[in-house]
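For reference, the structure discussed in these notes is given below.
The values are calculated or read from the model by the stated rules, or taken from the named source; none is laboratory data. Predicted, not measured: the structure shown is a model, and the values here were computed from it. Positions of Cβ are generated from backbone atoms using ideal geometry, with glycine treated the same way; all protein chains shown enter the neighbour counts.
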Amino acid sequence: MNVTAPIAHTQGETDLIARFDAVRDTLAGSVSVGGLRSAALEQIKLKGLPHRRVEEYKYSDLRAFLKFAAPLAAAADRSATEAALGAADTFGDLDRYKLVIANGSFVAELSDVAALEAEGVSVSDFAAALGGDMGAALLANPKTAPKDGVLALNTAFVQGGIVLTVKDGAEVSKPVEVIQVAASEGAQVTRCRVLVGEGANLRLLETFVGETGSGEVNAVFDYQIGDKATLAATRLIVGASAAPRLFTTIATLGDEALFKSLGFVAGPEFVRNQQFVSFAGENSDAKIYGVSMARGKGLADQTLIVDHSVPHCNSREYFKTVLDDQARGVYQGRINVALHAQKTDGEMMTQALLLSEEAEMANKPELEIFADDVICAHGATSGQIDEDLLFYLRARGIPEAEARTLLVLAFLSEAIEEYDEEYVTEGLVSRVRDWLAKKS
């Protein structure tokens with residue numbers, strides 16, 4: 001008989017357990033959803049928060065970082081939400097639809113629900129859906145990470161979010177921004193299910209604004225991409241924050257589908273942006289990009305698993321990281337190729353630029369291949385600014401600080417331009433410039 005020895009809980013874990021006891025009766029969901037919540041919390045009780053002895057979190061010890069856990073954010077005040085939205089700087093004057101989630105709950109009256117309905121997009125409240133027959137299915141984890149600690153936290157405490165459905169063949173004319181707003185301090189835990197119908201086309205922007213104090217942000221986006229459908233998802237994780245920022249993508253692709261994503265990270269002290277991409281249909285493509293910037297003692301973790309479980313699919317992963325001061329960067333990427341997934345074509349590249357002698361980058365690209373008729377490759381580089389290029393620019397009259405900025409900007413812009421979604425390019429490049437300017 002095997003007996004699991006109890007662990008000594010940290011203060012953060014103790015706070016989470018107490019938080020669950022305080023709110024369990026107020027969280028949305030059917031009886032089966034309640035069972036999933038309790039089981040997820042039990043996982044935290046038995047194993048604790050993800051820590052360095054868990055291989056997937058070896059370089060991103062959430063248990064050590066989360067010293068204590070704040071209560072969940074209370075229901076948002078309308079005026080505070082509108083004030084936070086008014087002060088928000090996400091994608092500038094880009095013409096787009098907006099869907100608002102405030103303090104973890106969907107705010108239909110501040111969202112462009114009717115306009116999206118006219119475009120063939122229906123939007124409903126995730127919290128309400130948790131109480132329906134399909135509530136438990138909305139909390140399903142990917143097969144590549146069935147016991148992930150961050151997902152367990154999300155399942156236990158998810159407050160709400162949206163269910164967005166794009167009808168077959170719909171071409172949504174403008175990008176859709178899902179903007180999550182902290183109207184007051186406290187942890188915010190959300191989940192969004194996005195279903196893109198056959199032959200449909202959607203451009204999605206994922207943003208977060210406001211201050212949560214010591215409360216973590218834990219957001220999951222679950223994408224179900226239909227046959228011959230296209231989804232481009234741009235995630236913006238910016239702004240100074242001493243609380244963890246935990247973001248997860250779950251993406252499942254049908255036949256002849258295209259999924260593109262870019263995770264842009266700059267500012268928070270602890271960020272984990274993890275993506276689990278699975279091919280369920282043949283002849284599909286996934287193009288995954290990442291841009292990370294960290295300074296001070298910040299940590300930026302980009303983690304990715306691409307699961308090729310069917311033949312004739314392609315994936316490309318391209319990640320860029322810039323680190324200054326004592327910052328740490330993490331890239332963990334794995335391409336899985338199943339035994340019968342012949343004709344797979346997968347390539348992964350991660351590159352880091354270290355602006356300080358004390359900055360650290362952990363690159364961990366992996367291939368796990370069981371098929372024999374495939375093309376797969378990975379690469380990783382880390383280094384400092386090329387002194388020859390710096391000398392070239394300075395020899396042409398460019399001051400050293402400006403020359404360094406130009407070189408860093410060129411380095412990061414490669415991934416942004418490769419993403420090839422022009423409506424966000426200017427805004428993202430501008431954010432890179434702003435980050436660099438704060439150092440000078």
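Things worth noting here:
- Checked against the criterion of being crowded, with 16+ Cβ neighbours inside 10 Å, over 31 Å from the mean Cα position of the chain (by Cα), small (Gly, Ala, Ser) and farther than 17 Å from Phe91 by Cα, the candidates Ala415, Ala403 yield just one match: Ala403.
- Residues of the range 142-187 that are over 21 Å from Ala233 (Cα atoms) and not small (Gly, Ala, Ser): Lys143, Pro146, Lys147, Asp148, Leu153, Thr155, Phe157, Val158, Gln159, Glu185.
- Subset of the range 18-58 (residues that are surrounded by fewer than 18 Cβ atoms within 10 Å (Cβ to Cβ), more than 22 Å from Leu304 (Cα to Cα) and basic (Lys, Arg)): Arg24, Lys45, Lys47
- Top-ranked residue in the range 200-230 [being over 30 Å from Cys313 (Cβ atoms) and among the acidic types (Asp, Glu); ranked as surrounded by the most Cβ atoms within 10 Å (Cβ to Cβ)]: Glu216
- 2 or more residues in contact (Cβ under 8 Å) with a residue 60 or more places away in the chain and over 30 Å from Asp307 (Cα atoms): qualifying helices (runs of 4 or more DSSP H) within the range 328-440: 422-437
- Index of the failed condition, Asp434 passing every other in (1) modelled with pLDDT of 95 or more; (2) closer than 30 Å to Val176 by Cα; (3) not basic (Lys, Arg): (1)
- Qualifying positions in the range 253-307 - surrounded by fewer than 23 Cβ atoms within 10 Å (Cβ to Cβ) and β-branched (Val, Ile, Thr): Ile305
- From the list Ala18, Ala80, Ala73, Ala8, the one residue that fits, being out of contact with any Ser or Thr (no Cβ under 8 Å at 6 or more places or on another chain) and under 22 Å from Val189 (Cα atoms), is Ala18.
- Hits in the range 152-181 - residues which are farther than 30 Å from Glu422 by Cβ and touching a strand residue (DSSP E or B) at 6+ places or on another chain (Cβ under 6 Å): Leu153, Asn154, Phe157, Val158, Gln159, Gly160
- Evaluation of Ser214 against (1) modelled with pLDDT under 95; (2) in contact with a Phe, Trp or Tyr (Cβ under 6 Å, 6 or more places away or on another chain) (one fails), failing number: (2)
- Some residue of the range 145-157 being of a type in the set (Ser, Thr, Tyr) and out of contact with any Lys or Arg (no Cβ under 7 Å at 6 or more places or on another chain): no
- Condition check for Ala152 on (1) within 30 Å of Ser309 (Cβ to Cβ); (2) free of Cβ contacts under 8 Å to residues at least 12 places away in the same chain: one failure, at (2).
- Some residue of the range 29-48 being among the aliphatic types (A, V, I, L, M) and not in a helix (DSSP H, G or I): no
- Residue in the range 4-18 that is in the same structural domain as Arg191 (by TED's automatic domain parsing), touching an Asp or Glu at 6+ places or on another chain (Cβ under 6 Å) and either in a loop (DSSP other than H, G, I, E, B) or not small (Gly, Ala, Ser) (or both) present: no
- Among the candidates Gly186, Gly169, Gly149, residue that is over 14 Å from Ala219 (Cβ atoms), assigned by TED's automatic domain parsing to the domain that holds Val100 and surrounded by fewer than 18 Cβ atoms within 10 Å (Cβ to Cβ): Gly169
- Checked against (1) under 26 Å from the mean Cα position of the chain (by Cα); (2) on the phi < 0 side of the Ramachandran plot; (3) surrounded by 14 or more Cβ atoms within 10 Å (Cβ to Cβ), His9 passes all but condition (1).
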